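Working notes, structure below.
The values are calculated or read from the model by the stated rules, or taken from the named source; none is laboratory data. Computed from a prediction, not measured in an experiment: that's the story for all the values here. Heads up, the Cβs are rebuilt from the backbone with ideal geometry, glycines too, and the neighbour counts pull from every protein chain shown.
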Amino acid sequence: MDSFAIKRLLRRPWLSLLTVAIAVMLCAALCYLSGYLDAERARLAQVRDSYDILCVVSDIYGTKTDELGMSRVYSDFILSEENGIGAYIRDPRMIKSFGYRSEFGAGSLVGISSPRCAAALDESMGGGYEAPEGFFGSEKYVCLVPQESYDELAGRVFTFSVTDSAGATPEYAAGNGSGEIEIQVVGWYRGEGTTLYMPYAASQILQMKISGIASTDAASFLVADNAHIEELIKAAAPMLGEVDPTAVAPKGRFGFIIYDEQYRATLAGMEQNIKRLTYLLPLVTLLSLGAGFLVGFLATRGEARTYALMRSIGVTRPQLFFSVLGEQMILPLLAALAVGGAIRQPIFAGVFLLCHAVGCVLATARAVMIAPSAILRERE
């Protein structure tokens with residue numbers, strides 16, 4: 001950067017201000033859009049990986065999701081990774097209910113496979129619980145009681161008269177059986193009431209004991225990989241058909257509902273936004289190139305005689321070209337360094353500078369490549 005170039009910039013204050021303003025705006029736009037595009041792509045990947053898509057088993061008409069009375073064939077199909085859809089799902093939520101009577105009252109004894117099966121236990125819904133490690137996968141007769149009752153009942157073993165009626169099936173409308181078991185209180189859940197929670201696996205053993213069969217009242221799960229929903233539907237088809245409220249002769253007894261409308265709407269909105277950004281970035285780079293040509297054109301306009309005189313005193317064409325180009329790039333370079341450092345996008349600040357430089361090169365070459373003798377003759 002020589003003193004001559006600085007003097008020439010100071011003699012053209014309005015053009016210098018215009019150059020700085022254009023450089024700052026376009027460089028900032030390019031850096032901001034590129035950073036925003038990267039952030040949107042990262043958010044899209046995060047949504048695809050972490051968005052919880054809930055699937056709920058229902059009757060084949062999609063009108064009933066509880067008291068289904070699903071036989072063990074279906075529950076095993078849901079949970080099995082080798083012979084079912086277990087490899088395509090996560091956090092299975094299986095529920096089996098009984099009626100109970102004991103010395104401290106009566107109510108419902110509910111077998112659950114996950115704390116998210118019940119709002120009273122699910123922390124995301126304001127619930128909470130305290131239970132031994134591995135409680136939900138245990139096969140022991142243990143239970144959680146309301147928190148207000150836990151201090152009095154903790155660790156005690158009670159005899160329960162249990163009736164398998166809450167999950168009655170069409171074949172056993174009045175219930176599948178009844179019997180007595182001993183069950184130990186090992187934890188609590190937030191809230192009050194008469195409902196007790198036991199491990200789902202233990203509830204299946206209990207039903208086999210009192211009824212000779214095992215069934216499930218309700219089942220739901222999350223999609224393990226949101227990118228493979230279609231594979232899940234295909235794998236589930238042999239046992240869980242497509243829900244059809246209008247079916248006259250439905251195939252199968254059960255289907256499942258995929259609650260993915262919000263997920264798909266979110267993806268569509270983000271993908272559309274990313275598409276717009278991918279169109280805007282090339283447009284801004286073209287504007288940067290055009291701005292470089294405009295600045296170069298304005299800077300060299302009316303300077304043909306000056307350039308001709310410089311050539312006539314011995315300045316070579318390459319020397320003149322790089323001298324004029326360097327003069328035009330001083331302010332855009334400073335603007336790009338400042339904006340790139342402030343927004344922390346040095347790469348795209350460099351992209352702006354490169355595009356701007358290409359425009360300046362075209363304008364400068366147009367001005368300095370004219371033969372000096374032709375210019376001087378024209379002036380005469």
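I'm trying to understand the selection: among the residues of the stretch 330-339, which are out of contact with any Ser or Thr (no Cβ under 7 Å at 6 or more places or on another chain) and at pLDDT 85 or above?
L333, L334, A335, A336, L337, A338, V339
Table: residues versus (1) out of contact with any Leu (no Cβ under 7 Å at 6 or more places or on another chain); (2) buried (at least 19 other Cβ atoms within 10 Å of the Cβ); (3) at pLDDT 90 or above.
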| residue | (1), (2), (3) |
| --- | --- |
| G86 | no, no, yes |
| L109 | no, yes, yes |
| E123 | yes, no, yes |
| E130 | yes, no, yes |
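Is it fair to say N226 is within 26 Å of D38 (Cα to Cα) and surrounded by fewer than 16 Cβ atoms within 10 Å (Cβ to Cβ)?
Judged against the criteria, N226 is not a match.
Could you please find all residues in the stretch 296-314 being crowded, with 16+ Cβ neighbours inside 10 Å and of a type outside the set (G, A, S)?
F297, L298, T300, Y307, M310, R311
Among the residues of the stretch 276-293, is any over 30 Å from R41 (Cβ atoms), buried (at least 16 other Cβ atoms within 10 Å of the Cβ), more than 27 Å from the chain's Cα centre (by Cα) and touching a residue at least 60 places away in the same chain (Cβ under 8 Å)?
yes
Within the stretch 37-60, can you find the residues that are in contact with a strand residue (DSSP E or B) (Cβ under 8 Å, 6 or more places away or on another chain) and hydroxyl-bearing (S, T, Y)? Show your work before the answer.
Let us first name the residues in the stretch 37-60 that are in contact with a strand residue (DSSP E or B) (Cβ under 8 Å, 6 or more places away or on another chain), namely 52-60.
Residue satisfying the conditions is S58 alone.
Keeping to the stretch 37-74, report how many residues are among the small types (G, A, S) and more than 30 Å from the chain's Cα centre (by Cα).
Matching residues across the stretch 37-74 total 2.
Would you mind finding the one in V145, V73, V110 that is in the same structural domain as T195 (by TED's automatic domain parsing), part of a helix (DSSP H, G or I) and under 21 Å from S203 (Cα atoms)?
Exactly one of V145, V73, V110 is in the same structural domain as T195 (by TED's automatic domain parsing), part of a helix (DSSP H, G or I) and under 21 Å from S203 (Cα atoms), namely V73.
So if I check each of V162, V110, which one is β-branched (V, I, T) and over 30 Å from A236 (Cβ atoms)?
Testing whether each residue is β-branched (V, I, T) and over 30 Å from A236 (Cβ atoms) leaves just V162.
I'd like to know if the stretch 95-107 contains one or more residues that are assigned by TED's automatic domain parsing to the domain that holds E242, assigned to a loop (DSSP other than H, G, I, E, B) and either under 14 Å from L240 (Cβ atoms) or free of Cβ contacts under 8 Å to residues at least 24 places away in the same chain (or both). Before you say what the answer is, go through the steps one by one.
Here is the first cut: in the stretch 95-107, the residues assigned by TED's automatic domain parsing to the domain that holds E242 are 95-107.
Still in the running and assigned to a loop (DSSP other than H, G, I, E, B): 103-104.
Still in the list and also either under 14 Å from L240 (Cβ atoms) or free of Cβ contacts under 8 Å to residues at least 24 places away in the same chain (or both): none.
No, there is no match, as no residue in the stretch 95-107 is assigned by TED's automatic domain parsing to the domain that holds E242, assigned to a loop (DSSP other than H, G, I, E, B) and either under 14 Å from L240 (Cβ atoms) or free of Cβ contacts under 8 Å to residues at least 24 places away in the same chain (or both).
Please go through the stretch 307-331 and give me each residue that is among the hydroxyl-bearing types (S, T, Y) and assigned to a helix (DSSP H, G or I), ordered by number.
Y307, S312, S323
Using the structure shown, decide if I233 is in contact (Cβ under 8 Å) with a residue 12 or more places away in the chain and in contact with an Asp or Glu (Cβ under 7 Å, 6 or more places away or on another chain). Steps first, answer last, please.
Values: in contact (Cβ under 8 Å) with a residue 12 or more places away in the chain: yes; in contact with an Asp or Glu (Cβ under 7 Å, 6 or more places away or on another chain): no.
It is false that I233 is in contact (Cβ under 8 Å) with a residue 12 or more places away in the chain and in contact with an Asp or Glu (Cβ under 7 Å, 6 or more places away or on another chain).
Would you say L353 is among the aliphatic types (A, V, I, L, M), in a helix (DSSP H, G or I) and in contact (Cβ under 8 Å) with a residue 24 or more places away in the chain?
yes
Note down all Cβ pairs under 8 Å where the first residue falls in the stretch 82-93 and is in the same structural domain as F136 (by TED's automatic domain parsing), the second is among the hydroxyl-bearing types (S, T, Y) and buried (at least 20 other Cβ atoms within 10 Å of the Cβ), and they're at least six residues apart or on different chains.
Listed pairs, sorted by first residue: P92/S113; P92/S220; R93/S113; R93/S220.
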